[in-house]
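The values are calculated or read from the model by the stated rules, or taken from the named source; none is laboratory data. Not measured: the values here are computed from a predicted model. Glycine also receives a Cβ, built like all others from the backbone with ideal geometry; neighbour counts cover every protein chain displayed. Note: areas computed on protein heavy atoms with side chains; ligands, DNA, RNA excluded. Shrake-Rupley method; radii C 1.70, N 1.55, O 1.52, S 1.80 Å.
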Amino acid sequence: MPNRYLIANWKMNLPPEGIGAFLGAVNADGIVVAPPFPYLREVAAGAPKSVAVAAQNCADQPAGAFTGEVSARMIRDCGARFVILGHSERRNIYGESDAVVAKKTALAIESGLTPIVCIGENLNERERGHAMAVCSGQIAALGMPQLANAGEVIVAYEPVWAIGTGRNATSAMVAEMARAVRDALMRYWPAELAQRAPVLYGGSVTPENAGDLVAHGGIDGFLVGGASLDSKKFLALAESMNLLSSSQNDVMI
Ligand code: 13P
């Protein structure tokens with residue numbers, strides 16, 4: 001398992017340069033690409049060996065009459081190893097509760113997927129000084145029973161006010177929240193899982209702000225939206241995290 005991750009969340013978009021061109025340009029341990037469902041197989045088949053695949057969501061039921069839903073098992077069958085759960089767009093636009101996210105997390109683990117669980121406060125919550133309490137509550141809601149058999153769970157701290165706004169959290173804010181997240185993990189999750197859970201940051205990450213966030217944010221990587229649709233920008237993020245091998249650096253120079 002890599003100890004640092006750079007995850008591309010394409011949301012309901014595809015890279016304008018094309019999937020093949022994008023995958024041909026990115027190759028580094030720790031990179032995970034999350035395309036929309038219909039492209040999972042194509043990305044899994046075309047990705048370099050070092051690059052893993054994630055879905056952006058899964059059903060909160062294992063199988064059955066749930067029109068339009070996609071199960072964790074089906075995602076695994078497509079060659080994905082990860083699944084993003086509880087993204088704020090799922091929570092806020094589609095009304096996913098903490099309980100639903102917990103159910104999905106349990107099913108993902110049962111199906112052999114590594115969950116990437118998103119947490120984060122909205123602007124109002126931050127302004128009222130409730131950021132830590134909100135994130136800690138979202139972590140607590142995942143609870144021990146769901147996590148008892150997990151090999152790895154990744155946590156992505158994504159403040160809602162920073163997503164797609166061009167306004168990233170400062171490295172000082174991220175460092176403070178990363179510490180609070182780790183404390184909450186230690187309080188509410190099985191100890192060993194909590195200790196080694198990678199904590200990522202997401203929200204308007206760009207090649208321009210990544211260096212400072214890597215150096216001072218106290219995080220284990222990034223979950224990236226907009227900047228993950230352009231292989232040049234995405235590669236620059238990988239470089240700022242030192243994920244590129246020396247041979248790739250040679251090629252780039
Ligand atoms: P942006 O990088 O576009 O702000 O999106 C972040 C995000 O939601 C990743 O999951």
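Odds and ends about this structure:
- DSSP bridge analysis restricted to the chain gives an antiparallel fraction near 0%, rounded to the nearest 5.
- For segment 99-203: rounded, prolate or oblate by the Cα gyration tensor [a/c cutoff 1.5]: prolate
- Longest segment of the chain lacking GluC sites (Glu not before Pro) that sit in a DSSP loop with at most 16 other Cβ atoms within 10 Å: 153-253
- Mean separation of Cα pairs under 8 Å and 6 or more residues apart, divided by the residue count, gives segment 139-222 a relative contact order of 42 percent.
- Spatial extent of the chain: Rg and Dmax, with the Cα atoms as the point set, Å: 17.0, 54
- Summed residue charge, Cβ within 15 Å of Pro15's Cβ, Lys/Arg positive, Asp/Glu negative: 0
- Relative contact order for segment 3-102, counting Cα pairs under 8 Å that sit 6 or more residues apart, in percent: 23 percent
- Solvent-accessible area, 1.4 Å probe, carbon plus sulfur percent, for segment 121-247: 50 percent
- Counting only DSSP H runs of at least 4 residues, each contributing -39500 (n - 2.57), and dividing by the residue count of the chain, the helix-based mean residue ellipticity at 222 nm comes to -12000 deg cm²/dmol.
- Partners of Lys103 within straight-line reach, counting lysines whose Cα lies under 22 Å from its Cα and excluding those fewer than 8 residues away in the same chain: Lys11.
- Amide N proximity, segment 218-235 versus Asn92 label position 7 Å along Cα-to-Cβ, cut-off under 19 Å: 223-228
- Ordering Ala99, Ala141, Cys58 by Cα displacement along the dipole of segment 42-160 toward the positive end leaves Cys58 in first place; charges were set at the Cβ atoms of Lys, Arg (+1) and Asp, Glu (-1).
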